[in-house]
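Let me begin by presenting the structure, written as structure tokens, before commenting on it.
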Amino acid sequence: MLCRRGIYAMDSFSTDMESGVESELIDLGAVSMTVLRELDHTVFRQALRHVMRQTAHPQVTAGGSLWKPTD
Amino acid sequence: MTVPAEDHAASHDFALHRLSWADFDHLARGEGGAGVVLRLRSAERSRRLLLLRALVEETTKTPEVFGPLPSSEDAWELLARVQEKAPRALDLILAHPYAGTWAGYTMRLLRNRITGVCPMWMHVGHLHALAAAAAIHARLDFQTHIPLWNGGAMLPTLGLAQLAADSLWSVAEVRSERGQVEVGNDAASVQLPPVCAGDAPGWWGIQRLTMRAGEHVLSVRLDDLDPYRGLYEPVLPQRLDAAEVDAWRALLDQAWHLIVHHLPDIADALRAGLDSLVPRPAVAFQMPSASTGEAFGSAIIARPPDAASLAATLVHEFHHIRLGVLLRLARLHEEDPRERFYTPWRDDPRPIGGVVQGVYAFFGVTAFWRALARAGAKAPDRRAAFEFAHWREQAWRVLCVLRDDPVLTQAGRRFVDGIAERLGPWRDEPVPADLGALVAAVSADHYAGWRIRYLRPDPATVADLETAWLAGRTPPVATQLGTDRGPTPVPDGSWSSARADLIRLSVADPLNGWNMLSRTWPSVPDATAADFAYVTGRLTDAARGYRAELAADADRPAAWVGLGLALSGLGVTLASRALLHYPEVVRAVHRGIRARTHTVPAPEDLAAWIGRFAY
């Protein structure tokens, strides 16, 4: 049965025909380790939950008959 | 200290990673070069930082989880010191593919409260090994402790110190002073060499292979040491010997030249996105390779027999790698784990996620072989032409099913359309007619082999056919042979890729085909004399051989399909149609008649009878 209530059901990727796809991943390019350790606001918490959810189902691709994938 | 949420909400207006449609479309068409890859890398860096923070937070609640190792706060402080002194050293560790697999694996252990390959403290404690490696790259003075597994202390991206240890899991100290790094425990100590990539007493360095093709440089680690380099679970080192390293170096050098010469845009992307190769032993007549979305920049590859195979595999895996990050930013399909699709590159039914990955990866493979085939102006490269013709058709076949699937999102349909925009016109490009016939044979062979093992015909249809056959009647007119029940996950019988292997051997050496195959075919796994006869065009002998195989084992899938292929070549239309389009029905009816009467119908007579209404 098609499962629509998995990890993606909790996500809300936004697509905009003008500009592209906006992810749920916050950009930490300019954040130092020291600041990162202290962050605790709502958007940050959402982003944490997002990446933690994504670890539940790692994508594995395998070709050849020796290594079977689990995706 | 944690700053109140409202303070941070006010002081940090974070942007979200965004993928422009221009980048998205470039990726879909297999284009984009290094620029797009670097933007994907930036998103992956943020994801790993978030995972690091999440891991530290999870373990801070239960500091005992670090066992004999220092707390996660110590590792974080060391990483912060690294960033202050040498930000590139931190970035190098954050970009390390197996920092990604470690973070994902360990997070799953923590969240599911399960034990991994090692005790939990060994897995969470790998954070100290990553921090120590970053600090060594940054040339910091520091001291810390890291996990020791089976006597090996791993410093990711650098190498492994071998120490004596009484137990399977213990602790080693890492100390760095004025550029001298020592790893030790109560029993022994190892001094890291000035160039860590080299070996020294007690030290295995991770070797870096650097290939140059003109101005294009590819530099990758050949990582046979990192415990998180595998697909699913941590693994112990499997050190390559010097001859094997040399073989990889030579192959990779030639493969890099091929990619630079024939697919410069892909080469540009590869050099920006490929960090590590995990070498695996060669496997005769197979080229296993794999990657995981958690290890951006890494591919696991069994040593291929030649440079072209390695180049094709690198392009294949790199498409998976790029798509893995894109899928973290954009949803291409709803979650649907049902294994319901046929794919010509796998023997088993696949879910939509695997199908999207496969179409994209084999689109890349097609691009490579196409470029190689077109390069041989005077003497066409028949192998490249065969592989091009084969994969363009297989990728297109699945793409056509995929693009109409309701589970695809709007973005997913756009992505598939991008692939089609490039792949579609390639189908009109000419290839030698004999190669086209071989492609058709390999394609029919695989599809029929998949059907006979994974499709279960409707039992009522099978019973009707058995009854009609035994009564000497014509097949029921209204019978539907096709099934809408979808594939089962359990194969009914084993499969052999021997005919495809033999065809590829004959394509590779067409002038010497028969002589070469007559010597080689017994070494091809599962190959039979009938397969050899079929591939060398002795179709009557092949049909006779497959009949004999079915007389010995009436359930053998490869023999049923082989008989269909041989009869097709001989122009026996009705029987071959049933055997290649509905082999699962023919075998099921054959089984039923055997069970009901203890007589054995001639396979091709039964197939021809069913073939009268099989379309």
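Is it true that B:A255 is hydrophobic (A, V, I, L, M, F, W, C) and crowded, with 23+ Cβ neighbours inside 10 Å?
Values: hydrophobic (A, V, I, L, M, F, W, C): yes; crowded, with 23+ Cβ neighbours inside 10 Å: yes.
Taking the combined requirement at face value, the residue satisfies it.
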Name the residues in region B:99-130 that are touching a strand residue (DSSP E or B) at 6+ places or on another chain (Cβ under 7 Å) and under 19 Å from B:D223 (Cα atoms), would you?
-> B:T101, B:H126, B:A129
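Go through region B:453-479 and report how many residues are assigned to a loop (DSSP other than H, G, I, E, B) and under 13 Å from B:V586 (Cα atoms).
First pass over region B:453-479, keeping only residues assigned to a loop (DSSP other than H, G, I, E, B): B:455-458, B:471-479.
With the extra rule that they be under 13 Å from B:V586 (Cα atoms), the set shrinks to B:455-458, B:475.
Qualifying residue count for the region: 5.
Right, B:A5: outside the structural domain of B:V171 (by TED's automatic domain parsing) and either closer than 24 Å to B:L148 by Cα or modelled with pLDDT of 95 or more (or both) or not? Walk me through how you get there before you give the answer.
Values: outside the structural domain of B:V171 (by TED's automatic domain parsing): yes; either closer than 24 Å to B:L148 by Cα or modelled with pLDDT of 95 or more (or both): no.
Taking the combined requirement at face value, the residue does not satisfy it.
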Of residues in region A:8-23 being under 19 Å from B:A54 (Cβ atoms) and surrounded by fewer than 19 Cβ atoms within 10 Å (Cβ to Cβ), the one modelled with the lowest pLDDT | A:M10
Return the total of residues in region B:265-299 being crowded, with 24+ Cβ neighbours inside 10 Å and acidic (D, E).
-> 1
Tally the residues that are at pLDDT 90 or above and under 22 Å from B:F415 (Cβ atoms), restricting the search to region A:24-50.
-> 2
Where a residue in region B:543-554 is over 14 Å from B:V600 (Cα atoms) and its partner, wherever it lies, is outside any helix (DSSP H, G or I) and not basic (K, R), with Cβ under 8 Å and at least six apart = B:A543/B:L570; B:G545/B:T528
Entirely in region B:55-173, the strands (runs of 3 or more DSSP E) that have 1 or more residues that are more than 30 Å from the chain's Cα centre (by Cα) and surrounded by fewer than 17 Cβ atoms within 10 Å (Cβ to Cβ) = B:142-149
What's the number of the condition B:D141 fails, among (1) in contact (Cβ under 8 Å) with a residue 40 or more places away in the chain; (2) touching a strand residue (DSSP E or B) at 6+ places or on another chain (Cβ under 8 Å)?
-> (1)
B:L160 passes all but one of the listed conditions (1) in contact with a His (Cβ under 7 Å, 6 or more places away or on another chain); (2) at pLDDT 95 or above; the exception is number (1)
Subset of region B:328-381, residues of a type in the set (D, E, K, R) and out of contact with any Gly (no Cβ under 9 Å at 6 or more places or on another chain), comes to B:D348, B:R370, B:R374, B:K378, B:D381
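Could you count how many residues in region B:532-579 are aromatic (F, W, Y) and either surrounded by fewer than 24 Cβ atoms within 10 Å (Cβ to Cβ) or more than 35 Å from the chain's Cα centre (by Cα) (or both)? Working first, answer last.
Filtering region B:532-579 down to residues aromatic (F, W, Y) leaves B:532, B:534, B:546, B:560.
Imposing the further condition that a residue be either surrounded by fewer than 24 Cβ atoms within 10 Å (Cβ to Cβ) or more than 35 Å from the chain's Cα centre (by Cα) (or both) reduces the set to B:532.
Looking only at that region, the number is 1.
Among the residues of region B:313-350 satisfying the criterion of being assigned to a loop (DSSP other than H, G, I, E, B), within 15 Å of the chain's Cα centre (by Cα) and facing another protein chain (nearest Cβ under 7 Å), which is modelled with the lowest pLDDT? Quick ask: steps written out before the conclusion?
So the first thing to find is which residues in region B:313-350 are assigned to a loop (DSSP other than H, G, I, E, B), and the list is B:330-332, B:334-340, B:342-349.
Narrowing further to those that are within 15 Å of the chain's Cα centre (by Cα): B:343-348.
From what's left, facing another protein chain (nearest Cβ under 7 Å): B:345, B:347.
Numbers: B:W345: 93, B:D347: 90.
Checked region B:313-350; the qualifying residue modelled with the lowest pLDDT is B:D347.
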Could we say that B:A308 is crowded, with 24+ Cβ neighbours inside 10 Å, over 28 Å from B:A99 (Cα atoms) and either of a type in the set (D, E, K, R) or not assigned by TED's automatic domain parsing to the domain that holds B:L455 (or both) here?
-> no
Single unsatisfied condition, B:E421 versus (1) under 28 Å from B:F362 (Cβ atoms); (2) in the same structural domain as B:L502 (by TED's automatic domain parsing); (3) of a type in the set (D, E, K, R) = (2)
In the list B:P491, B:P557, B:P525, which residue meets the criterion of being in contact (Cβ under 8 Å) with a residue 60 or more places away in the chain and more than 22 Å from B:L455 (Cα to Cα)?
-> B:P525
For the subset of region B:181-217 comprising residues that are among the aliphatic types (A, V, I, L, M) and more than 35 Å from the chain's Cα centre (by Cα), which member is surrounded by the fewest Cβ atoms within 10 Å (Cβ to Cβ)?
-> B:A187
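Every residue in region A:23-61 that is β-branched (V, I, T) and either more than 7 Å from chain B (Cβ to nearest Cβ) or farther than 21 Å from B:A95 by Cβ (or both), please.
As a first pass, look at region A:23-61 and keep what is β-branched (V, I, T): A:26, A:31, A:34-35, A:42-43, A:51, A:55, A:60-61.
If the condition is that a residue be β-branched (V, I, T) and either more than 7 Å from chain B (Cβ to nearest Cβ) or farther than 21 Å from B:A95 by Cβ (or both), then A:V31, A:V35, A:T42, A:V43 are the ones that fit.
The rows are residues; the columns are (1) over 15 Å from B:A471 (Cα atoms); (2) in a helix (DSSP H, G or I).
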| site | (1), (2) |
| --- | --- |
| B:G571 | yes, no |
| B:A575 | yes, yes |
| B:L579 | yes, yes |
| B:V585 | yes, yes |
| B:H590 | no, yes |
| B:A595 | yes, yes |
| B:E604 | yes, yes |
| B:A607 | yes, yes |
| B:F613 | yes, no |
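Can you tell me which residue is nearest to B:L192 (Cα to Cα) among those in region B:106-135 that are within 12 Å of chain A (Cβ to nearest Cβ) and of a type in the set (K, R)? Full working, then the answer.
Our first condition is that a residue be within 12 Å of chain A (Cβ to nearest Cβ); within region B:106-135, this holds for B:106-112, B:131, B:134.
Within this subset, residues satisfying the condition of being of a type in the set (K, R) are B:108, B:111.
Working: B:R108: 33, B:R111: 36 Å.
If we take residues in region B:106-135 being within 12 Å of chain A (Cβ to nearest Cβ) and of a type in the set (K, R), then B:R108 is nearest to B:L192 (Cα to Cα).
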Since B:T409 meets every condition but one in (1) farther than 30 Å from B:D492 by Cα; (2) in contact with a helix residue (DSSP H, G or I) (Cβ under 7 Å, 6 or more places away or on another chain); (3) facing chain A (nearest Cβ under 10 Å); (4) modelled with pLDDT of 95 or more, which condition does it not meet?
-> (2)
Identity of the residue in region B:502-531, among the acidic types (D, E) and surrounded by fewer than 22 Cβ atoms within 10 Å (Cβ to Cβ), that ends up farthest from B:S576 (Cα to Cα) | B:D509
All conditions in (1) more than 18 Å from B:R249 (Cβ to Cβ); (2) at pLDDT 95 or above; (3) of a type outside the set (S, T, Y) are true of B:V260 except (1)
Conditions: (1) touching a Phe, Trp or Tyr at 6+ places or on another chain (Cβ under 8 Å); (2) closer than 25 Å to B:D25 by Cβ; (3) within 11 Å of another protein chain (Cβ to nearest Cβ); (4) not hydroxyl-bearing (S, T, Y). B:F388 meets all but one. Number of the miss?
-> (3)
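Yes/no per residue for (1) farther than 27 Å from B:G273 by Cα; (2) within 12 Å of chain A (Cβ to nearest Cβ):
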{"position": "B:S20", "(1), (2)": "no, yes"}
{"position": "B:G35", "(1), (2)": "no, no"}
{"position": "B:L49", "(1), (2)": "no, yes"}
{"position": "B:F66", "(1), (2)": "yes, no"}
{"position": "B:R88", "(1), (2)": "no, no"}
{"position": "B:I93", "(1), (2)": "no, yes"}
Scan region B:255-297 for residues that are under 24 Å from B:A243 (Cα atoms), part of a loop (DSSP other than H, G, I, E, B) and within 11 Å of chain A (Cβ to nearest Cβ) and jot them down.
-> B:P281, B:F285, B:M287, B:P288
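The values are calculated or read from the model by the stated rules, or taken from the named source; none is laboratory data. Just so it is clear, the structure is predicted and the values come from calculations on it, not from any experiment. Quick reminder, even Gly has a Cβ in these numbers, built from the backbone with ideal geometry, and neighbours come from all protein chains shown.
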